[in-house]
Each structure stands twice: as C-alpha cells, then as structure tokens.
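Notes for the one structure printed next.
The values are calculated or read from the model by the stated rules, or taken from the named source; none is laboratory data. Only a predicted model underlies this, so the values are computations on that prediction, with no experimental measurement involved. Virtual Cβ from ideal backbone geometry, glycine too; neighbours counted across all protein chains shown. Quick note on the areas: whole protein, heavy atoms, side chains included, nothing else; ligands and nucleic acids left out. Shrake-Rupley method; radii C 1.70, N 1.55, O 1.52, S 1.80 Å.
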Amino acid sequence: MTIKEALNQAKSKLKGYENEATFILCEYLNEDKTWLFLNQDLNFDPKIYFQLIDRFNKGEPFEYIFEKVNFWGLDFKINKGVLIPRYDTEILLNQILNLCKTHQFKNILEIGFGSGILSIILAKELKINLTACDINPKALELAKKNAKIHGVEKQIDFKLCDFSTLKDNYDFIFSNPPYIKNSYPIDIWVQSEPKEALFGGEKGYEILEKIIQFAYSKKVKFIACEFGYDQKKVLNKILKKYHFSNLFFKDEAGHDRVFVAKFTQS
C-alpha cells in the first residue's frame, strides 16, 4: 500500500480528526509532512500504522501512544497515568518566570508537579533550586526521569505527599491543580488521563481554595495558579478573604486562566 492510500484510509477512520492521521504517520515514520507529500507513492507496510490509528480512535491520546510531549519548545517523556501538559499552561509558566526574575525567592514550592515540566523549566532557565510535591507515584517516577534528561535533577526536591502535610515555609507557591467540576463532561481522549489530576470536586475549585488557605497559613508572599474559565469571580472572593491582592491573565480564547496573587497582610 502506498503512503497516500494508507493516509486516506486512516483519515476516513478519523472523521473530524484527519490531521491526527497525518501527525501519527509522521511520528511513526519519523518524517515531516513535506516528506510525506514528496513520497506519497512510496509503498510501505501499514499494519503498525493502522494499529496506532485504532488506538487513537479508541481514545488513547497521541502523547500516550508515543510517550512524549513538547512543551515550551522542549521534549518531555509522558506516560499513561500522568496528566498531559497543555499549551494553555505556558501562560502560567510565563508569569512564574516573570515573578522569579523580579523577586528573590528563597523557598519555592510547586503543588502537583505531574510530569515535572514547570519545575524543570524553571530550574533549567533560572538555575534555581525548588521543591515540588504530588500525590501520584507515577508522576514522581516520570518527573525524576524528565529532570535527569534536562540536567536539573539535583535542583528539584520532588516529594510524594499531599501539600497540606508539608511543614516547611515557602515564599512562593505555584500550581496547575485539578479544577474541573466532577460533573463536567470530557472527551474520550481526556478520559484516558488520571481523574485525580483533572477533577477538583463538586464545585471544581475546592483544591484551589485549599491551596490559597495553605498559602495564607504559611504567609506565602506570592501564589500563581491556573484555573477554570468560569472561576475568576469566586476565586477573586476567596483570595480577598485571605488577604491576597491579585491579577488575572487570559488565554488565547479570551478566558481568564491564571492568577498571580500577593499577600498583603503581615
């Protein structure tokens, strides 16, 4: 079968997701789209390619199939059982980097590190040390691998624990926590991801509120968090209740997506 024939057959299986058929073929053959176009009449055995298409069609995300993800222009390993990083989280990363460049934080904590991308990029770009915690053993194993790949394994203290059990004090906390309502419908690809990394409770913002309360108890100077598109109003009230002044930042769709909050009362 030619590349063109195989690609057309795969696209017919993925109605509405034809681009993914091309991405999967490029990844499988380790070639780009230009190469596919120039070699579309080349014959190859499509058996494994069609197996990959079937896996995607049944709800296995592209990133889990190939066990890798690109974020911030860098490649990271990703495995089933750990949240897949999203492009929107680069908004949070931008704000974290800005804060760390303008303030001398002594003790930084990431809550819910997942694949480790945020802490790793922070350590890599700013040459700083920090602590990161998560309750997922699979995330701990994966984050340590990613940190080693990027040469920052000695700069990050990854802890397997609930943040509420931490006894140390911190002056900056950041997090991309679970913030989806338990009742919110998600597509079949997102359903493959760990639910504890997606769903924040009946209201969605319960874990965010706990993070804010924890930051208040520690008298943290700054917090930066990603949150749901419809949670700005309630989070603004919670932040004010715990004496944090805040700024909100929008994603490319115009939704409020990230807050940066400063503690205003000693």
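Please go through region 163-182 and pick out each residue that is assigned to a loop (DSSP other than H, G, I, E, B) and over 21 Å from the mean Cα position of the chain (by Cα). Don't jump to the end; show me each part of the working.
First, pick out the residues of region 163-182 that are assigned to a loop (DSSP other than H, G, I, E, B): 166-171, 176-179, 182.
Within region 163-182, 166, 167, 168, 169, 170, 171 qualify.
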Please indicate, with yes or no, whether at least one residue in region 136-157 is modelled with pLDDT of 95 or more, closer than 27 Å to residue 219 by Cα, out of contact with any Lys or Arg (no Cβ under 9 Å at 6 or more places or on another chain) and among the hydrophobic types (A, V, I, L, M, F, W, C). no
Scan of region 129-162 for residues that are open to solvent by 10 Å² or more (accessible area, probe 1.4 Å) and of a type in the set (Gly, Ala, Ser), ordered by number: 151
Checked pairs for region 1-22, first under 15 Å from residue 51 (Cα atoms), second charged (D, E, K, R) and assigned to a helix (DSSP H, G or I), C-beta under 6 Å and 6 or more apart or across chains, list as 11/18; 14/20; 21/11
Could you give every pair whose Cβ atoms fall below 8 Å, whose first residue belongs to region 28-46 and is surrounded by fewer than 12 Cβ atoms within 10 Å (Cβ to Cβ), and whose second residue is hydroxyl-bearing (Ser, Thr, Tyr) and assigned to a loop (DSSP other than H, G, I, E, B), counting only separations of at least 6 or pairs across chains? none
So, residue 234, is that one among the aliphatic types (A, V, I, L, M), surrounded by fewer than 17 Cβ atoms within 10 Å (Cβ to Cβ) and outside any strand (DSSP E or B) or not? yes
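Condition first: of a type in the set (Gly, Ala, Ser) and without any contact (Cβ under 8 Å) to a residue 60 or more places away in the chain. Can you find one or more residues in region 170-185 that meet it? It would help to see each step written out before you state the result.
Start the filter on region 170-185 by keeping residues that are of a type in the set (Gly, Ala, Ser), which leaves 175, 183.
Checking which are without any contact (Cβ under 8 Å) to a residue 60 or more places away in the chain leaves us with 183.
Looking for residues that are of a type in the set (Gly, Ala, Ser) and without any contact (Cβ under 8 Å) to a residue 60 or more places away in the chain, one finds at least one in region 170-185, hence yes.
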I need a count of the residues in region 237-252 that are over 17 Å from residue 92 (Cβ atoms) and either of a type in the set (Ser, Thr, Tyr) or open to solvent by 40 Å² or more (accessible area, probe 1.4 Å) (or both). 6
Can residue 192 be described as small (Gly, Ala, Ser), open to solvent by 40 Å² or more (accessible area, probe 1.4 Å), touching a Phe, Trp or Tyr at 6+ places or on another chain (Cβ under 8 Å) and closer than 29 Å to residue 78 by Cβ? no
What number of residues within region 78-108 are over 30 Å from residue 189 (Cα atoms) and touching a residue at least 60 places away in the same chain (Cβ under 8 Å)? 7
If a residue has to be open to solvent by less than 20 Å² (accessible area, probe 1.4 Å), assigned to a loop (DSSP other than H, G, I, E, B) and within 22 Å of residue 90 (Cα to Cα) to count, how many in region 197-231 make the cut? 5
Members of region 218-244 found to be at pLDDT 95 or above and of a type in the set (Ser, Thr, Tyr), listed by number: 242
